[in-house]
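Trainee: One structure is given below, represented as structure tokens, and several questions about it will come after.
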Amino acid sequence: MKFGLKRRIAAVSIIAAGALVLAGCSSSVNDSADSASGASECGSWAIAMHAWNGYTASGQVVAEIAKANGCTITQTTLEEAGVTYDAMEAGSIDVVIEDWGGGRWKEWVDRGAIVEVGDNGNVGLIGMYVPPWMAAKYPDILDSANLNKYADMFKTSDSGDKGAWYEGPPGYTTIGEKMISANKLNFKAISTGSEAALVDVLTKAEANKTPALAYFYTPGTLFIKIAGLEQSRVKFPANDWSDAAKASGLTDYPETALKKLASKKLMDSNSVFATIVKNFNWTNADQNSVSADIESGMKPEEAAQKWIDANPDKVKAWIGS
Amino acid sequence: MVEEQRSASASSASAGRPPAVSVRGLWKVYGPNPLSIVGSPDATLSRSELRAKTGCTAAVSDVSFDVAPGEVFVVMGLSGSGKSTLIRCLTRLVEPTAGEVFLDGEDISKATPQRLRELRRQHFSMVFQHFGLLPHRKVIDNIAYPLEINGMKKAERHARANEVIELVGLHGYSHAFPEQLSGGMQQRVGLARALAVDPQVLFLDEPFSALDPLIRRDMQQEVIRLHRELGKTMVFITHDLSEAVKVGDRIAIMRDGAVVQIGTPEELVALPIDDYVANFVRDIAKSHVLTLKYLARPAQSDEDMDGPELAANMIIRDAAEIILQTHKPVRVSENGKFLGIVSSEDVLRLISGVA
Amino acid sequence: MTHLKKSHLLIGVGLVWITLSRIFQGNQTLELATSENTSFTSSVGDAAASIRGNRTKSAAFIYFFNPIRAAITGFVEIIRSIISVPSGNSIIPVIGWFGVVAIVAFTVYATSRLRTAILAVSLLLACGALGMWQFTMDTLAMTLASVLLSLLVGIPVGIWAGRSDRVLKILTPFLDLAQILPTLVYLAPLALFFLIGTASATIATMVYSIPIAIRITAHAIRNLNQSPIEAALSMGSTPTQTLTKVQLPMAKQMIILGINQTVMAALSFVVIAALIGAPGLGKPVVDALIIRNVGQGFVAGFAVVFVAILLDRSTSAAAKAQESFIPLTSQQIRRGRIKVGLSGLLAIASIFASRSVLSLAVWPGSINISQQVEDVTNHATKWITTNLYIFTVGFKDFISNWVLNPLETLLAFSPWFVTLSAIVFIAAVIGGMRVAMLATGLLTLIVLSGLWHEAMITLTQTIVATLLTMAIGITLGIWVGRSSSAEKVLRPFLDAGQTLPAFVYLIPMLGLFGPTRFTAIATGIVYSIPVVVKIVSEGIRSVPIAMIEAATVAGSTVRQIITKVQLPAAKRSILLATNQGMIFVLAVVVIGGFVGSGGLGYLVILGGSKPEMQGKGLVAGFAILLLGVTIDRIAQASARRT
Ligand SMILES: Nc1ncnc2c1ncn2[C@@H]1O[C@H](COP(=O)(O)OP(=O)(O)OP(=O)(O)O)[C@@H](O)[C@H]1O
Ligand SMILES: [Mg+2]
């Protein structure tokens, strides 16, 4: 069926306009739902959701607590650091619940876009790991000085005639290339793009008993999944740096207190969400218990709720009531 | 080259008024740097030589002629000889490279865009070889288009459009779309559209080429009526010699962009300037164009001199019956002056083409 | 230059190149550690930092960028609040899901026909059933907003370019460049000025789709049958009258096709723009890529595919409805009007319902098959990766060891001047002197940017992917070009393939090949095959029948006809297809930076994440652009010379 386009466009737009007008005046379900919930007290806010499973646990717990207290929360998956900071400056993100990047947000803080809210209680430690079967079979591989001895074993079609050194994703704190060159290692850094890829590398290596050397970090549940992984960290000389940009590459990664960041807008508000974010603080064990549940197939919402139900005192303290 | 004196001598009608259309030294050259050709020695080259030398095509080269008010001026020529380009230059749909075009004494090449639009809206209209109908409009709205852009109200312009629809015999098709019509019907829509604004001058580019013989004859009659009764001036392009003879007061023959000869049909048939023109007019039934003047000859001693007297400007075809019936040669005289005699053998010889 | 000489010269260049590469292996490769900056990249970084620093201070931001950002964000948010996010104080959008379905059904029905409307509704419901309702609505809202804004700019400019040669001439280089520029490159510079969020995403999408709208509109105006236009002029139409009463109505169908193309471009970009904060289906896709959940990626990917088909079918059906100017009989028109009127009333009633019944307002959570789809996909992926490990990894390793690595050694690990000269020589042989000079200039700029080594890594992947693409694409193209039944079978896939955002293809490839260079290459191949097959098959089909008949009569075998008649005659199409294929592949290979392909794409992504690397990221984006132009010019010139 067809008749003049003009008429049809006219018909479509008249009906659409009519519908909008009617929709505007008619009473609807949401008005009633609205007055009951009291959403206006907390407001609507956005949490950045970074893509490692520890972050998912922390972000989800904070989101669930906030929702239970009348906040409208949007969870937005975003790359870490610069992208997220810009989003905070643009007003589309309000909270980063776990940032590893020792001060790289300074510029945004100076501009008044971001407020540092302090530690979240987790302590992060990055390192280079081999699958536990290797640690058992070649105990001396855990000393970085011996890595070159085994370099040939790590060759892949992507690393050519050097060993493959699986490096962390772009937004993470990584100094792999520096470590390789400073320690004169016969390895080639291969970018992986995501935590999931690193998980994949180590899991497959352990399962198939193939060699692999990969970037990883605590807190994280991979250490629960792969027994003995925590002990399979290759040790470099003791850490002597905190700013990755100034690291020599000779020494290992530092232990880092993980930070919370929030938008100025949130911190200036009297929202209960600001209080929750300010007070949120938990241990690596707390986070691991939630991530382990997610890892084992629970939905993040359920896993977070389970922890909240099991820890009413901590939650109460965060809400500040 | 152009025969200036011919065209001048031929414009017989309505002396005193300026020509309806007057063309002087008109050029249209396509290609790189066209202006440099006009007036240079290259201008005398033939079209193919010019093309080989400069890469330019002279679609119209150095054309001059006058069309008297109320005259039907026919342009003929082989395909590619520049007829369509010429007629487009007259209305400035194509900007001439050089030369002047006067419409009713007004130099159209100097007209501002507004003035040009005014002229196009009120003074003249065109019928196109390829019809140029608007595919998204019904027949009636196609015909009403020139009225519409003139700001005429819908009811009024539709009434006028319906009149011309009747005129061209498209009754019942006013709500059809061009692509639903046959070529001939589309051509008549184009004609009706040109007539809708009732212009003084009509430019017709092969207006009847797609018509069947019957409708074509009707349309030719319509053109003749417009010409005779309403005194419209027309520049009429056609490939059909008999049509040219039928509707045209004078005919211009073009070759390779230039006008070879201009004259009445009789002049062309009687005195073709070269083989090209002679070839062109060869197929005309001479008896249809020539007058008795052409056949008149001195009487031979044994011939009767007491046959009836006929006027010299009588077409031979029309005189033939009388001549063949009288069994005597007729006497031909012009303004009382005796020119000679014409016998029935003379007429038969001409009709059978032996002459 | 004769054919024989050309190939001899190329072989010569190759041999010299390989020899020099062996001798100087690893010297002067301009390798730069990922975390290192050159003085140039760090000064670009400083410039970027100072731009960032001025966001709250400088007049350009206060009076220009920030208001634009606010206005566009506001515009998008209005559309989102109508169909996607809670509006005002309420907990649901102005129009609930049922209302949206009704509106889509009505609009498609009114502009094309019932069958298309049913298809559209089913696709929309499928998105809902995949648990992607709100993401889908966000994507629709973003696409709608960007398309409206793009057309607002693109159609008038296109009309202008259609009517003025000068305007077209000025615009052409930009339009050409826009066709080469990989999507990833747009994001970072825009984010610098418009930050991260819907505004940046919308503007980036506009920048991507406006050239398409301009190009097609100008083309539509220019390629009209000129005789009605001339007739209109002869009757004294003003330019405006000619435009509105003649040109635009005549160009209508083509312009609607242009809208179709603009919509598809906008959709594919909106998905990628999730990287700079665009709401919508891109988010779960990116999410899935980051957490490597192939199943989740498939769920979101299916939704993207459904939205793509929905938008493509409904807009092209609307264009098809414009094919003829002839309307139906007045009775049919009346009946049509009654139908449209009734369905309109039904739509309004549905909108009402969607505002007063909660289950019609919010997509019922119980209707959700995402988990099942996810599980099935993950199982399938797992089965493939464990059981077909030999094939997938074997194939990957084979290509990596025997093609990728040697070529990478040659391109990226020869001294830079050796590689540069070799490329310039090749350009000279196949494209001529002028292109060789252009290539010298462009490649020198890449050297100066400091990212030569990375650029060569990206180029290597692009070349390998293109070679494989052409091998598959030409074979399929010949098949499709020679057999109309093959064409019937493949055409829907080719059409669908061309409308999908490149991002979506990354997901299954990531599942098969893991985070490696090869994932990017495989994605590039899959993404660019449709366009290559299309161009090649058209070339094959355009070989005159008479030529083939003559060859057949002369006793040629099928193989001889293909190799001796059809392929040589279709050579130009094949070269053009190679060009298109390379440009498509390049766009995907750089996105592969996400899944471990390294090279320039990785630097662009790194620049987005790490503030101290932003300069390097921006320069990498520029280097991608230079690489794209170099490839395009050389390929174009070689196609022109045949
Ligand atoms: N726009 C143009 N550009 C270049 N050459 C042109 C152009 N228009 C016409 N010509 C050339 O001018 C010459 C005359 O063309 P024109 O259309 O005037 O011929 P015509 O006498 O009307 O032919 P026909 O009887 O076939 O309609 C032709 O050689 C044609 O190639
Ligand atoms: Mg013509």
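Trainee: Can you name the condition, by its number, that residue C:167 falls short on among (1) open to solvent by less than 30 Å² (accessible area, probe 1.4 Å); (2) over 20 Å from residue C:501 (Cβ atoms); (3) within 21 Å of the chain's Cα centre (by Cα)?
Mentor: Status for residue C:167: all satisfied but (3).
Trainee: I'd like to check which helices (runs of 4 or more DSSP H) are fully inside segment C:433-548 and have at least 2 residues that are closer than 30 Å to residue C:381 by Cβ, within 14 Å of chain A (Cβ to nearest Cβ) and among the hydrophobic types (A, V, I, L, M, F, W, C).
Mentor: Details: elements: C:433-449, C:452-482, C:484-499, C:502-513, C:517-541.
Result: C:452-482, C:502-513, C:517-541.
Trainee: Of the residues that make up segment B:209-232, is at least one within 16 Å of ligand 2 (Cβ to nearest atom), open to solvent by 40 Å² or more (accessible area, probe 1.4 Å) and small (Gly, Ala, Ser)?
Mentor: Of the residues in segment B:209-232, the ones within 16 Å of ligand 2 (Cβ to nearest atom) are B:209-210.
From what's left, open to solvent by 40 Å² or more (accessible area, probe 1.4 Å): B:209-210.
If we keep only those that are small (Gly, Ala, Ser) as well, we get B:209-210.
Checked against the condition, which is being within 16 Å of ligand 2 (Cβ to nearest atom), open to solvent by 40 Å² or more (accessible area, probe 1.4 Å) and small (Gly, Ala, Ser), segment B:209-232 yields at least one hit.
Trainee: Next question, about the same structure. Does residue A:257 meet the test of being small (Gly, Ala, Ser) and open to solvent by 60 Å² or more (accessible area, probe 1.4 Å)? Walk me through it before giving the result.
Mentor: Numbers: small (Gly, Ala, Ser): yes; open to solvent by 60 Å² or more (accessible area, probe 1.4 Å): no.
Criteria not met by residue A:257.
Trainee: Could you tell me whether any residue of segment A:218-237 is farther than 20 Å from residue A:123 by Cα and either crowded, with 19+ Cβ neighbours inside 10 Å or polar (S, T, N, Q) (or both)?
Mentor: Yes, the conditions are met somewhere in segment A:218-237.
Trainee: Let me ask another. Examine segment C:236-243 for a residue that is away from chain B (no Cβ under 14 Å), assigned to a helix (DSSP H, G or I) and either within 17 Å of residue C:156 (Cα to Cα) or in contact with a helix residue (DSSP H, G or I) (Cβ under 6 Å, 6 or more places away or on another chain) (or both), and state whether such a residue exists.
Mentor: No, that holds for no residue.
So that you can scan it fast, the table gives a plain yes or no per residue for (1) open to solvent by 40 Å² or more (accessible area, probe 1.4 Å); (2) at pLDDT 90 or above:
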| position | (1), (2) |
| --- | --- |
| C:38 | no, no |
| C:47 | yes, yes |
| C:62 | yes, no |
| C:86 | yes, no |
| C:91 | yes, no |
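Trainee: Would you point out the residue of segment C:557-574, among those that are small (Gly, Ala, Ser) and assigned to a helix (DSSP H, G or I), that is nearest to residue C:544 (Cα to Cα)?
Mentor: C:569
Trainee: Of the residues that make up segment A:243-266, is at least one in contact with a Gly (Cβ under 8 Å, 6 or more places away or on another chain) and modelled with pLDDT under 90?
Mentor: The answer is yes, given that some residue of segment A:243-266 is in contact with a Gly (Cβ under 8 Å, 6 or more places away or on another chain) and modelled with pLDDT under 90.
Trainee: Also: So which residues in segment B:170-208 are modelled with pLDDT of 90 or more, within 16 Å of ligand 1 (Cβ to nearest atom) and open to solvent by 10 Å² or more (accessible area, probe 1.4 Å), if there are any at all?
Mentor: The one that is modelled with pLDDT of 90 or more, within 16 Å of ligand 1 (Cβ to nearest atom) and open to solvent by 10 Å² or more (accessible area, probe 1.4 Å): B:206.
Trainee: Please pick out the residue among A:106, A:155, A:149 that is open to solvent by 40 Å² or more (accessible area, probe 1.4 Å), within 14 Å of chain C (Cβ to nearest Cβ), out of contact with any Leu (no Cβ under 6 Å at 6 or more places or on another chain) and farther than 30 Å from residue C:48 by Cβ. Show your work before the answer.
Mentor: Working: A:106 fails: farther than 30 Å from residue C:48 by Cβ; A:149 fails: within 14 Å of chain C (Cβ to nearest Cβ).
Step by step, each of A:106, A:155, A:149 is checked, and only A:155 is open to solvent by 40 Å² or more (accessible area, probe 1.4 Å), within 14 Å of chain C (Cβ to nearest Cβ), out of contact with any Leu (no Cβ under 6 Å at 6 or more places or on another chain) and farther than 30 Å from residue C:48 by Cβ.
Trainee: Quick check: anything in segment C:404-424 surrounded by fewer than 16 Cβ atoms within 10 Å (Cβ to Cβ), within 14 Å of another protein chain (Cβ to nearest Cβ) and modelled with pLDDT of 90 or more?
Mentor: The answer is yes; a qualifying residue exists.
Trainee: Answer yes or no as to whether residue C:208 is open to solvent by 10 Å² or more (accessible area, probe 1.4 Å), at pLDDT below 90, part of a helix (DSSP H, G or I) and in contact with a Phe, Trp or Tyr (Cβ under 8 Å, 6 or more places away or on another chain). Step through it out loud before you land on a result.
Mentor: Numbers: open to solvent by 10 Å² or more (accessible area, probe 1.4 Å): yes; at pLDDT below 90: no; part of a helix (DSSP H, G or I): yes; in contact with a Phe, Trp or Tyr (Cβ under 8 Å, 6 or more places away or on another chain): yes.
The answer is no for residue C:208.
Trainee: Which of the helices (runs of 4 or more DSSP H) contained wholly in segment C:87-169 include at least 3 residues that are more than 14 Å from every other protein chain (Cβ to nearest Cβ)?
Mentor: C:114-129, C:133-163
Trainee: Condition first: assigned to a strand (DSSP E or B) and more than 9 Å from chain C (Cβ to nearest Cβ). Now tell me which residues in segment A:163-206 satisfy that.
Mentor: Result: A:163, A:164, A:165, A:187, A:188.
Trainee: Here's another thing I want to ask about it. Which of (1) within 10 Å of chain A (Cβ to nearest Cβ); (2) among the acidic types (Asp, Glu); (3) open to solvent by less than 40 Å² (accessible area, probe 1.4 Å) does residue C:397 not meet, given it meets every other one?
Mentor: (3)
Trainee: Being out of contact with any helix residue (DSSP H, G or I) (no Cβ under 7 Å at 6 or more places or on another chain) and polar (S, T, N, Q) is the filter here, so list the residues in segment A:289-321 that pass it. Spell out how you get there, then give the answer.
Mentor: So the first thing to find is which residues in segment A:289-321 are out of contact with any helix residue (DSSP H, G or I) (no Cβ under 7 Å at 6 or more places or on another chain), and the list is A:296-299, A:302, A:309-314, A:316, A:321.
Within segment A:289-321, A:296, A:311, A:321 meet the criteria.
This table checks each residue for (1) outside the structural domain of residue B:196 (by the TED database); (2) within 16 Å of ligand 1 (Cβ to nearest atom).
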site: B:50; (1), (2): yes, yes
site: B:57; (1), (2): yes, yes
site: B:66; (1), (2): yes, no
site: B:84; (1), (2): yes, yes
site: B:134; (1), (2): no, no
site: B:141; (1), (2): no, no
site: B:153; (1), (2): no, no
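Trainee: Pull out all pairs, ordered by first then second residue, where Cβ-Cβ is under 9 Å, the residues are six or more apart or on different chains, the first lies in segment A:294-321 and is without any contact (Cβ under 8 Å) to a residue 60 or more places away in the chain, and the second is assigned to a loop (DSSP other than H, G, I, E, B) and of a type in the set (Phe, Trp, Tyr).
Mentor: A:311/A:282; A:314/A:282
Trainee: Mind checking which residues of segment B:86-132 are surrounded by fewer than 21 Cβ atoms within 10 Å (Cβ to Cβ), at the interface with chain C (Cβ under 9 Å from one of its Cβ atoms) and within 13 Å of ligand 2 (Cβ to nearest atom)?
Mentor: Those that are surrounded by fewer than 21 Cβ atoms within 10 Å (Cβ to Cβ), at the interface with chain C (Cβ under 9 Å from one of its Cβ atoms) and within 13 Å of ligand 2 (Cβ to nearest atom): B:93, B:129, B:130.
Trainee: Within segment A:74-103, track down each residue that is more than 8 Å from chain C (Cβ to nearest Cβ), open to solvent by 10 Å² or more (accessible area, probe 1.4 Å) and over 22 Å from residue C:613 (Cα atoms).
Mentor: A:74, A:75
Trainee: May I pose another question? Quick check on segment B:69-85: of everything there that is more than 16 Å from ligand 2 (Cβ to nearest atom) and either open to solvent by 10 Å² or more (accessible area, probe 1.4 Å) or within 14 Å of chain C (Cβ to nearest Cβ) (or both), which residue is nearest to residue B:238 (Cα to Cα)?
Mentor: Within segment B:69-85, the match that is nearest to residue B:238 (Cα to Cα) is B:71.
Trainee: So, residue C:528, is that one under 13 Å from residue C:478 (Cβ atoms), crowded, with 18+ Cβ neighbours inside 10 Å and polar (S, T, N, Q) or not? Even if it seems obvious, please write down each step before you answer.
Mentor: Values: under 13 Å from residue C:478 (Cβ atoms): no; crowded, with 18+ Cβ neighbours inside 10 Å: yes; polar (S, T, N, Q): yes.
No, not satisfied.
Trainee: Anything in segment B:233-257 that is farther than 27 Å from residue B:17 by Cα and more than 16 Å from ligand 2 (Cβ to nearest atom)? List them, or say none.
Mentor: B:241, B:242
Trainee: May I ask you to say which residue of B:42, B:62 is away from ligand 1 (no atom under 13 Å from the Cβ) and at pLDDT below 90?
Mentor: Exactly one of B:42, B:62 is away from ligand 1 (no atom under 13 Å from the Cβ) and at pLDDT below 90, namely B:42.
The values are calculated or read from the model by the stated rules, or taken from the named source; none is laboratory data. Computed from a predicted structure; not experimentally measured. So basically every Cβ, Gly included, is an ideal-geometry build from the backbone, and we count neighbours across all protein chains shown. To get the accessible areas, we keep the full protein, side chains included, count just its heavy atoms, and leave off ligands, DNA and RNA. Shrake-Rupley method; radii C 1.70, N 1.55, O 1.52, S 1.80 Å.
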